[in-house]
Amino acid sequence: MVSTLMTAGAIALASSTMLAEASEVGFGPTNPFYAPSTLPFHAPAFDKIKDSDYQPAIDAGIVQNLEEIRAIADNPAEPTFENTFVAMEKSGQLLTRVMGVFNGVSGANMDPALQKVQDVEAPKLAALSDAIYLNAKLFQRVSKIYEKRHLLHLDAESLRVVEYDHQQFVLAGALLSDVDKAKLKKLNEEEANLSTAFISKLLAAAKDSAYVTKDKAALAGLSDAQLAAAAETAKNREVEGWVLSLQNTTQQPGLQSLTDRATRQALFEDSWNRAERGGPDDTRDTIARLAQLRAEKTKLLGYPNYAAWKLVDQMAHTQEAALKFMNALVPAATAKAQGEAKDIQALIDAQHGGFKLEPWDWNFFAEQVRKAKYDLDEAQIRPYFELNNVLHNGVFYAAHMLYGINFKRRNDIPVYNPDVQVYEVTDADGKPLALWYCDYFKRDNKNGGAWMDEFVGQSKLLGTLPVVYNVANFGKPAEGEPALISHDDVTTMFHEFGHALNGIFADTEYPSLSGTNVPRDFVEFPSQFNEHWASYPAVFEHYAKNYKTGAPMPAELAEKIRKAKTFNQGYMLTELLAAAELDMQWHTLAPSEPLQNPDTFETEALTKTHLLLSTVPPRYRSSYFLHIWGNGYAAGYYAYLWCEMLDDDAFQWFEDHGGLTRANGDRFRRMVLSRGNTEDLAKMYAAWMGAEPRIEPMLKDRGLEPTAANK
Ligand SMILES: [Zn+2]
């Protein structure tokens with residue numbers, strides 16, 4: 001995962017009058033954000049920064065940025081690339097400086113004071129984005145330069161800035177008449193309100209739909225820990241018995257182990273119908289209107305449907321390209337899933353089950369297959385994955401072998417928590433490249449999951465080098481004990497470090513195009529690509545050693561880890577594809593279409609895309625698909641699979657060209673990792689690969705057979 005500072009063209013939730021509240025009160029030279037940090041790489045001065053420093057700095061940063069934008073827009077001089085685009089790239093430095101640090105610390109080390117700052121500042125930041133992208137005078141200057149861009153003798157990166165910025169203005173509605181701008185604003189507000197309503201309805205619906213029982217026998221098969229958690233949830237809700245609360249996906253963790261088939265069916269149906277039970281928390285009316293409204297909004301903006309508007313600045317460019325990609329995966333995925341279903345039915349029959357496989361049975365029997373064939377005993381594996389060893393002899397080693405870079409621990413750079421480590425990254429020739437922080441251990445005040453972001457972004461224009469961090473939630477060992485992590489944790493370290501390399505190698509002029517400032521269907525490519533090196537034999541053997549004896553992991557155990565990767569992949573790819581297709585079908589609705597009935601629509605969409613399998617339901621049903629109705633992934637859920645195509649294809653290229661070599665690494669760094677968003681991503685990828693991305697390596701990696709349709 002990669003988090004971003006601020007989304008360009010973000011939907012404004014607040015009116016611009018709120019900006020007036022931003023003031024510079026309490027902001028002066030004593031504030032540590034007042035000037036760039038004097039530490040190496042302009043690293044944040046965590047030894048000086050107090051919680052109370054953020055709000056005045058953010059407020060002053062907003063005011064400063066608005067003034068800078070106003071000065072650019074009102075400049076009486078004829079618009080030039082320098083006085084418009086370069087000036088915009090140089091604007092907002094105070095705000096960027098403080099927000100980089102604020103986002104980092106509030107995500108990984110939150111406290112009530114920071115929470116308050118976040119609540120107060122979020123609407124002001126949204127309004128700032130509006131004030132830039134809907135500023136008509138500013139857009140006039142941008143347009144004037146855009147029109148004559150080919151006469152200006154701009155270098156390729158400068159030309160990209162002009163075209164990309166112009167596109168962002170247009171996508172946000174800058175070309176509209178004042179009347180249409182007002183309409184758009186209304187639609188944006190309605191969309192934001194419906195999204196918020198969807199989120200709160202879904203929260204309530206999921207809570208109310210939890211599986212509740214007073215009969216302990218119904219829960220046979222759950223572990224003691226799962227039972228204790230279910231009893232605890234019941235206690236907190238003041239109900240008798242046990243409560244299995246729902247997680248976001250269709251399938252639920254309990255379905256793996258519950259032996260009572262009736263309980264499995266009940267739990268599954270609670271999940272499946274959670275937001276379709278009538279009453280105030282039914283989400284169907286909300287999503288039907290959201291889909292319709294998004295189509296209306298993009299009609300106003302001149303696009304045939306929402307997906308067409310949303311994908312224009314992505315690597316895929318068009319919904320046709322995304323659909324073509326997904327459609328090509330469907331035959332291989334469903335063929336494999338049907339094979340897996342047959343195996344499970346055979347297992348049910350061998351156990352004299354006497355019933356036909358249903359979705360609520362899948363995970364229960366798949367788990368039996370997994371245990372028999374691929375069971376990975378964590379206690380057996382962990383001694384080979386000691387965190388510091390994985391970091392130095394795995395993550396750093398792979399990066400050194402590929403790119404020649406070196407890492408030196410810096411104990412003199414202040415940190416926001418004692419668990420944080422800082423390294424200086426130097427290039428093969430010894431030149432300083434970046435600072436990299438890691439904050440790996442779980443804390444109560446840290447967000448869940450793992451992510452990468454930057455305290456300082458790279459830019460030649462601003463003279464800055466990257467200051468990048470990785471955050472995760474690994475279990476912290478007791479004082480003096482080694483941190484023995486799971487195989488998943490190892491993968492996470494390589495993944496987040498792949499994002500970090502995208503930031504560390506950034507070598508661009510303009511900050512807005514630098515590092516991980518790339519489209520959603522590209523941003524997970526460098527990170528997922530880097531995961532491949534975790535299991536690459538020469539790297540794996542270099543780090544997977546017993547922390548006590550130094551002995552390598554036994555071959556049989558290593559083989560089990562490798563094999564487990566292809567388990568159940570027919571099911572997993574099919575449920576992802578079904579969700580991604582649902583997303584795309586909802587968002588290719590024409591503006592002329594009437595309000596849809598979500599259930600009919602869903603069945604038709606899955607039938608049309610050959611994904612209506614009785615035993616493999618979509619990973620999310622339309623009525624509880626939070627990503628697309630509440631979390632900004634509308635017409636974007638395909639991006640996960642798209643990036644997987646890229647990373648498997650890219651890794652196949654490395655394998656075909658000698659694998660882990662400096663020549664391969666340097667070429668990839670020069671042509672892809674260092675370039676951010678400085679060229680159209682599809683062109684950049686094709687130039688590096690010498691061809692369009694192929695889906696065959698992805699199918700192979702998941703253990704799927706290409707079908708006739710893929711050949
Ligand atoms: Zn990621």
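For region 558-688, the C-alpha radius of gyration divided by 2.2 N^0.38 Å, with N the number of residues, is 1.36. For region 150-199, rounded, prolate or oblate, judged on the Cα gyration tensor with a ≥ b ≥ c (square roots of eigenvalues), a/c < 1.5 rounded, else prolate if a/b > b/c? Judged from the Cα gyration tensor, region 150-199 comes out oblate (a/c at least 1.5, b/c at or above a/b). Surface calculation, 1.4 Å probe, protein heavy atoms: I561 sits at approximately 10 Å² accessible. For the chain, the share of DSSP beta bridges that are antiparallel, to the nearest 5, is 75%. For region 484-489, 3J(HN,Hα) computed residue by residue from phi via the Karplus equation (6.51, -1.76, 1.60; θ = phi - 60°) reads 9, 9, 7, 5, 4, 4 Hz, glycine and proline entered as x.
A protection proxy built from the mean count of other Cβ atoms within 10 Å ranks the segments 28-36, 357-365, most packed first, as 357-365, 28-36. Mean sequence separation of contacting Cα pairs (under 8 Å, at least six apart), scaled by the length of region 483-614, corresponds to a relative contact order of 17 percent. Looking at the square roots a ≥ b ≥ c of the eigenvalues of the Cα gyration tensor of region 297-412, which shape do they give, rounded for a/c under 1.5, prolate if a/b is larger than b/c, or oblate? Because a/c hits 1.5 or more and a/b fails to exceed b/c, region 297-412 counts as oblate.
Of the residues L95, N389, N193, the one whose Cα sits farthest towards the positive end of the charge dipole of the chain is N389 (charges of +1 on Lys and Arg Cβ, -1 on Asp and Glu Cβ, taken about the Cα centre). Summing +1 for each Lys or Arg and -1 for each Asp or Glu among the other residues whose beta-carbon sits under 10 angstrom from that of A428 gives -1.
Which translational diffusion coefficient, to the nearest whole µm²/s, is obtained for region 368-475 from the Stokes-Einstein equation, given a Kirkwood hydrodynamic radius over C-alpha pairs, 20 °C and 1.002 mPa s? Rounded, D is 132 µm²/s.
Applying the Karplus relation 6.51 cos²θ - 1.76 cosθ + 1.60 with θ = phi - 60° to region 202-208 yields 3J(HN,Hα) values of 5, 4, 5, 5, 5, 5, 5 Hz, where x marks Gly and Pro. Overall shape of region 75-196 was characterised from the C-alpha gyration tensor. The equivalent ellipsoid obtained from it has semi-axes of 31, 22, 12 Å, in decreasing order.
Packing around the peptides 223-233, 495-505, taken as the average count of other Cβ atoms within 10 Å per residue, puts them in this order, highest first: 495-505, 223-233. The residues of the chain have, on average, 43 Å² of accessible surface per residue, using a 1.4 Å probe with all protein chains present. No solvent, one uniform scatterer per C-alpha: report log10 I(q)/I(0) for region 438-530 via the Debye equation at q = 0.13, 0.14, 0.19 1/Å, two decimals. Treating every Cα as an identical point scatterer, log10 I(q)/I(0) equals -0.50, -0.56, -0.89.
In the chain, carbon and sulfur make up what percent of the accessible area (probe 1.4 Å)?
Roughly 53 percent of what the probe reaches on the chain is carbon or sulfur.
The largest accessible area among Y640, Y164, Y510 belongs to the first residue in Y640, Y164, Y510, and the rest follow in falling order (1.4 Å probe, all chains). Please label the shape of region 318-382 as rounded, prolate or oblate, based on the square roots a ≥ b ≥ c of the eigenvalues of the alpha-carbon gyration tensor (a/c under 1.5 means rounded; beyond that, a/b larger than b/c means prolate, else oblate). Oblate shape, in that a/c is at least 1.5 and b/c is the bigger or equal ratio.
Computed from backbone phi, the HN-Hα couplings of region 187-194 come to 5, 4, 5, 5, 4, 4, 5, 5 Hz, rounded to whole numbers (Karplus: 6.51 cos²θ - 1.76 cosθ + 1.60, θ = phi - 60°; Gly and Pro given as x). Per-residue packing, averaged as other Cβ atoms within 10 Å, sorts the ranges 367-378, 575-586 into the order 575-586, 367-378, beginning with the highest.
Over 24 Å, how big is the tail of the calculated P(r) for region 202-312, in percent of all Cα pairs? Percent of Cα pairs beyond 24 Å in region 202-312: 41. Sequence-distant contacts, meaning Cα pairs under 8 Å at least 6 residues apart, place the relative contact order of the chain at 17 percent. Legend: Rg and Dmax of the chain, from Cα coordinates, 26.2, 85 Å.
The values are calculated or read from the model by the stated rules, or taken from the named source; none is laboratory data. Remember, predicted model here, so these are calculated numbers, not experimental data. Note that we place each Cβ from the backbone using ideal geometry, even for glycine, and neighbour counts take in every protein chain shown. The area values use the complete protein model at the heavy-atom level, side chains included, leaving out ligands, DNA and RNA. Shrake-Rupley method; radii C 1.70, N 1.55, O 1.52, S 1.80 Å.
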